[in-house]
């Protein structure tokens with residue numbers, strides 16, 4: 001449910017109003033309202049949603065005039081995270097990197113969904129490298145906003161989006177330390 005709603009939010013144009021109703025979502029996913037509330041709380045924590053008094057739960061809008069600022073803020077946060085990341089890669093991180101490399105090379109039958117999945121794996125990978133929980137959460141919120149922008153570009157030209165991501169994956173895969181990986185990702189966001 002969580003990943004499906006993230007995908008919907010990230011593939012919807014930032015100017016398109018989108019309401020999320022607990023009851024309708026519970027019906028759609030065949031669950032009670034409690035897990036839906038938990039998912040909506042997580043999405044709100046990631047700043048993908050906001051609750052407006054008298055309106056309900058809506059997808060946070062993105063202002064195109066702020067796009068460059070959003071990328072710059074993520075880049076700055078990734079650089080900040082180099083100061084509080086793990087000193088070396090764990091085996092699970094290396095496996096994640098290998099998976100990302102393979103998925104980027106072979107996106108499969110649904111390239112937009114694959115692009116989204118790879119971007120979210122990058123987010124999870126980076127958050128797992130950051131030792132400070134506050135910095136990790138701040139990174140995740142900023143990263144989700146940039147993923148939304150990247151998904152719009154991918155919808156317009158998926159081949160160009162994958163081409164750019166393959167270059168990033170090549171640089172990141174060559175990184176010998178978590179600090180170098182974060183610095184490579186920071187360079188991608190500028």
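Overview of results
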read-out	value
Tabulated pairs, the range 34-63, first touching a residue at least 60 places away in the same chain (Cβ under 8 Å), second part of a loop (DSSP other than H, G, I, E, B), C-beta under 9 angstrom, 6+ apart or interchain	47/60; 48/60; 62/14; 62/15
Condition check for residue 87: surrounded by 17 or more Cβ atoms within 10 Å (Cβ to Cβ) and in a loop (DSSP other than H, G, I, E, B)	no
Residue selected from the range 3-41 under the condition farther than 19 Å from residue 147 by Cα and in contact with a strand residue (DSSP E or B) (Cβ under 6 Å, 6 or more places away or on another chain), by the criterion surrounded by the most Cβ atoms within 10 Å (Cβ to Cβ)	20
In the range 128-153, the residues that are farther than 20 Å from residue 72 by Cβ and surrounded by 17 or more Cβ atoms within 10 Å (Cβ to Cβ)	129
Only one of 145, 150, 166 that is assigned by TED's automatic domain parsing to the domain that holds residue 91 and free of Cβ contacts under 8 Å to residues at least 60 places away in the same chain	150
Criterion (modelled with pLDDT under 95, out of contact with any strand residue (DSSP E or B) (no Cβ under 8 Å at 6 or more places or on another chain) and surrounded by 14 or more Cβ atoms within 10 Å (Cβ to Cβ)) met by exactly one of 49, 62	62
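The values are calculated or read from the model by the stated rules, or taken from the named source; none is laboratory data. For clarity, every value in this text was computed on a predicted model and none was experimentally measured. Cβ sites come from the backbone with ideal geometry, for glycine too, and all protein chains shown count toward neighbours.
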